[in-house]
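Engineer: There's a structure below that I have some questions on.
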Amino acid sequence: SSKELKAILKSRGAKCRKCLEKEDLIDRVVVTWEWSAVEAVSPDGKVKMTRDQFTKTFQSSFKKHLSDQRTTRIQADDDSGHQLATEDEEEEDEDGRHVPDVDKVWADFSERLRMGEISADDKGNLVYEYAGLPREPTWWD
């Protein structure tokens, strides 16, 4: 419907001032299809999140996650001696070089929120786990 097409455009931050017919809206949606949404809204409208809010929250949560992993790894090393990293493991650095691509994470989150797949915990905090997108096979795979 035209209402749904307008909602898609709004979620991507796009406008269509010259759209008089439904087909004009369809054309504009096609043009903006690859744009990432600037706001995500749950189906019931109760949860709204902008890309900027998500980015700030995700980055701080991910840094805390890395810090917790380092603490756990240090405690395990103290108990069992130092263990060298395997080829499959890479140490994370303070520069955040191993932080996931926020654009991809936002695209996944906003789509899952729009589809109603994001839940809230007892305190009302959104529960979202990002396992990473499937990795592209390399020449060696």
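Engineer: Can you find a residue in the stretch 118-126 that is modelled with pLDDT of 85 or more, outside any loop (DSSP other than H, G, I, E, B) and not charged (D, E, K, R)?
Structural biologist: Yes.
Engineer: Also: Considering every residue within the stretch 64-83, establish whether at least one is among the acidic types (Asp, Glu), modelled with pLDDT of 60 or more, open to solvent by 70 Å² or more (accessible area, probe 1.4 Å) and part of a helix (DSSP H, G or I).
Structural biologist: Yes - at least one qualifying residue is present in the stretch 64-83.
Engineer: Mind counting the residues in the stretch 10-45 that are in a helix (DSSP H, G or I) and either farther than 28 Å from Ser119 by Cβ or open to solvent by 60 Å² or more (accessible area, probe 1.4 Å) (or both)?
Structural biologist: Summing the residues that are in a helix (DSSP H, G or I) and either farther than 28 Å from Ser119 by Cβ or open to solvent by 60 Å² or more (accessible area, probe 1.4 Å) (or both) in the stretch 10-45 gives 12.
The values are calculated or read from the model by the stated rules, or taken from the named source; none is laboratory data. These numbers come from a predicted model, not from an experiment. Don't worry about glycine lacking a Cβ; one is built from the backbone with ideal geometry, like all the others, and counts go over all protein chains shown. Accessible surface areas use protein heavy atoms only, side chains included; no ligands, DNA or RNA. Shrake-Rupley method; radii C 1.70, N 1.55, O 1.52, S 1.80 Å.
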